[in-house]
Amino acid sequence: MKNFLKFLTVLMILSVFSVTVYSQTSTEKKDSEPPKEASPADKIIVQVDKNQLSGGGKIIITGKAPAGRDVYIEVWSEKTVRAARLDADPDPKTGKRPYIFYMTDEMPGFYRLILPEKYKSILEEEKAKGKKWSVSEIIKKSGADAVYGYPAKIKIDRYQTTLWESIIGSRGTKLEPMDEKENKRRSMQLLKARFRTVGNVFSSNLKIEEDGTFKASVELPENAAPGKYFVVAKVDKDLKSEPLVVQNDISFPSVYLPNAGRTVNVLWPFLLTAAITTFGVLMGAGGGFILNPILVMLGLPHTVVAGTVMPTVLFSQGTGIYNYSRINFISLKLGITLGIAMLVGGFIGPKLTELITLEQYKFLFGWVLIILAALMFWQTTPKYLEKNKKEQAILKEFKKRAEEAAKKKAEGGK
Amino acid sequence: MRIEFWGQEFKANLFIGIPGAFLIAVVSSMFGFGGGPFMVPLMAVGMRLPMYVIVGSSLLAIFFNTLMGTFRHYGFGNFDLIFFLIMFPGAILGGYLGPKIAKKLNPVIVKRVACLGLLILALQLLGVF
């Protein structure tokens, strides 16, 4: 018991240490865009009300553009995250499914395209479409095609995948890089895959006066990444302001999760995990069944949730195996035979996590939970309980024997 | 396959066991949970093995899956170290508190409450409400 507590303390110290080290180094990274010269004749002037934020907040953006022109504002973070999408929609002409997997690691963790107020109805229209809304549709209808800039240039890799290649766990054959136009088109789909809702990509609070002065605001959420945020006002492709930089700082106990792309307070994932694991032990199933859907519903990417929760049980499984093997209570032949089948399954599963969309993840997980609930209900039926009672008694008896045998062996060994 | 366990011999039906274990591994590594609650019924009902053979051996089988799944997720860049370091002590704490509380509760009631909770969660995931 004492050893265990000691272990726990060391672990906590280690985690706190690594977190602080990370947050220090991450703010030092530099990755700003070189400002571009605008022609002095018609220039856009833009300013922000503050250059420093702490844990998110509202930025007011004001400026002046040539009178009578539509102004758009792009805001993005220097911190990037991954976005991926499997294109399996049938081609409208041939009906063939392309099965091309698009992936980028350069998607900004935060992106907002602020449209002039008059386009508000377009956003409302797309919101009404529910899950079927489209980034490109909004950009086309609001005349933002020429100003949609930053995400259009991110590096997107694409892979031609097949069912078979997915099964053996490969991403598929990497295809030639896309041309500028195609890259732009795909970047819009990835924006949607990453940010999910209209409101996470667009807003329409940009007020433009007759003389060309404009005013808008952008709210960086509390969970936004630390680091630099760039603000650019644009009228068209060539007429744009220099990027303004706003620095967002976070401080402990808030930490930034680089793969998940969001800032969290260390306390809540810790407490949530502790509470759910406790409950998981009570109900006799791992905590992952409850923890994963909750984390996904809180907005963390499903790939990161699956990939990060899974290793947390390695340790407890390892101790369990050690305890059973100590008293020779594992059939190696049975465990390894089934283990090899599971090894193959474990090779394929994570690949599928990457391929499916959030909607598919939720749908399948929902059914898994219904099956689990049915299984658990079955385990509370009187017939099962009676059988289980006998089985548990035999289990106890055998375990006792095994423990005694192990003890004897240990004593004999001395 | 014949297996011997503490002086007794059992016949394990691998025609059910291997495809079942494989499928459970795919699903559990895909969603990132342990496969225990599915493996135990598979081995008990599908393979007709008694509980005392299952407890240890199923854990060993699942460990293969968790290990492979962890490596694969890591390889695909789905592993977030900082998030892991926050959750891991929480999981250990829960693993320590759980058994202590379990002794004081009626397992049947706990399971029924868990059933209800799982159903609510499932319906929420399916977008029913």
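None of the figures in this text is laboratory data; all of them are computed from the coordinates on show. Here the structure is a predicted model, which means the values were calculated and not measured. When we count neighbours, we look across all protein chains shown, and the Cβ atoms used for this are built from the backbone with ideal geometry, even at glycine.
What the table below lists for this structure:
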read-out: Chain B: angle of helix B:14-31 to the longest principal axis, Cα-based, in degrees nearest 10; value: 10 degrees
read-out: Around A:G346: net Lys/Arg minus Asp/Glu count, Cβ-Cβ under 15 Å; value: +1
read-out: Calculated [θ] (222 nm, deg cm²/dmol) that DSSP helices of n ≥ 4 give over chain B, each run adding -39,500 (n - 2.57); value: -23500 deg cm²/dmol
read-out: Cα centroid separation - the range B:60-126 against the range A:367-414, whole Å; value: 20 Å
read-out: Sorted largest first, extent of chain B alpha carbons per principal axis (Å); value: 45, 42, 34
read-out: Charge dipole (debye, nearest 20) of the protein assembly as shown; +1 at Cβ of Lys and Arg, -1 at Cβ of Asp and Glu; value: 2200 debye
read-out: Trypsin sites (Lys or Arg not before Pro) restricted to the range A:124-158 and DSSP loop, no more than 15 other C-beta within 10 Å; value: A:K129, A:K155
read-out: Ordering of A:318-331, A:282-295 by burial proxy (mean other Cβ atoms within 10 Å per residue, highest first); value: A:282-295, A:318-331
read-out: A:E137, A:E176 arranged by Cβ crowding within 10 Å, fewest neighbours leading; value: A:E176, A:E137
read-out: Tensor-based shape of the range A:35-249 (alpha-carbon gyration tensor, a/c under 1.5 rounded, otherwise prolate or oblate); value: prolate
read-out: Unit charges on C-beta of K, R, D, E only; dipole of the range A:223-318, Debye; value: 60 debye
read-out: Positive-pole candidate from A:L355, A:S316, A:G366, dipole of chain A, charges at beta carbon; value: A:S316
read-out: Using θ = phi - 60° and Karplus 6.51 cos²θ - 1.76 cosθ + 1.60, couplings along the range A:185-194 (whole Hz; Gly, Pro as x); value: 4, 5, 4, 5, 5, 5, 4, 5, 4, 7
read-out: Long-range HN-HN contacts of A:G55 with modeled amide H, under 5 Å; value: A:D249, A:I250
read-out: Counted charge near A:V147, where neighbours are those whose Cβ lies closer than 10 Å (Asp, Glu -1; Lys, Arg +1); value: -1
read-out: Positive-end residue, the range A:35-249 charge dipole about Cα centroid, Cβ charges, pick of A:Q247, A:Q47, A:P177; value: A:P177
read-out: Relative contact order for chain A, counting Cα pairs under 8 Å that sit 6 or more residues apart, in percent; value: 19 percent
read-out: If the convex hull is drawn through the Cα atoms of the range A:193-310, its volume per residue in Å³; value: 133 Å³
read-out: The range B:1-79: relative contact order as a whole-number percent, Cα under 8 Å and 6+ apart; value: 26 percent
read-out: Sorted by Cβ density within 10 Å, fewest first, the residues A:K407, A:K192, B:K103; value: B:K103, A:K407, A:K192
read-out: All-pairs alpha carbon distance profile, the range A:276-414, 5 Å steps from 0, percent; value: 2, 7, 11, 16, 17, 17, 12, 8, 5, 3, 1, 0
read-out: Within the range A:185-244: Cβ-based charge dipole about Cα centre, in debye rounded to nearest 20 (Lys, Arg +1; Asp, Glu -1); value: 560 debye
read-out: For the range A:50-91, fraction of C-alpha pairs farther apart than 12 Å, in %; value: 79 percent
read-out: For the protein assembly as shown, diffusion coefficient by Stokes-Einstein and Kirkwood Rh (Cα), 20 °C, 1.002 mPa s, µm²/s; value: 83 µm²/s
read-out: In degrees, nearest ten, helix A:332-355 long axis to first principal axis of chain A (Cα); value: 10 degrees
read-out: For A:D87, residues with placed amide H under 5 Å, excluding near neighbours; value: A:I100, A:F101, A:Y102
read-out: Most mobile listed residue (A:V245, A:V266, A:V368) in chain A, GNM with C-alpha springs under 10 Å; value: A:V368
read-out: Dipole axis of the range A:83-153 (+1 Lys, Arg; -1 Asp, Glu on Cβ), positive-most option in A:Y102, A:G149, A:L86; value: A:L86
read-out: Neighbour-count order for A:L220, B:L118, fewest beta carbons within 10 angstrom listed first; value: A:L220, B:L118
read-out: Expected 222 nm ellipticity per residue - DSSP helices of 4 or more, -39500 (n - 2.57), all of chain A, to 500; value: -15500 deg cm²/dmol
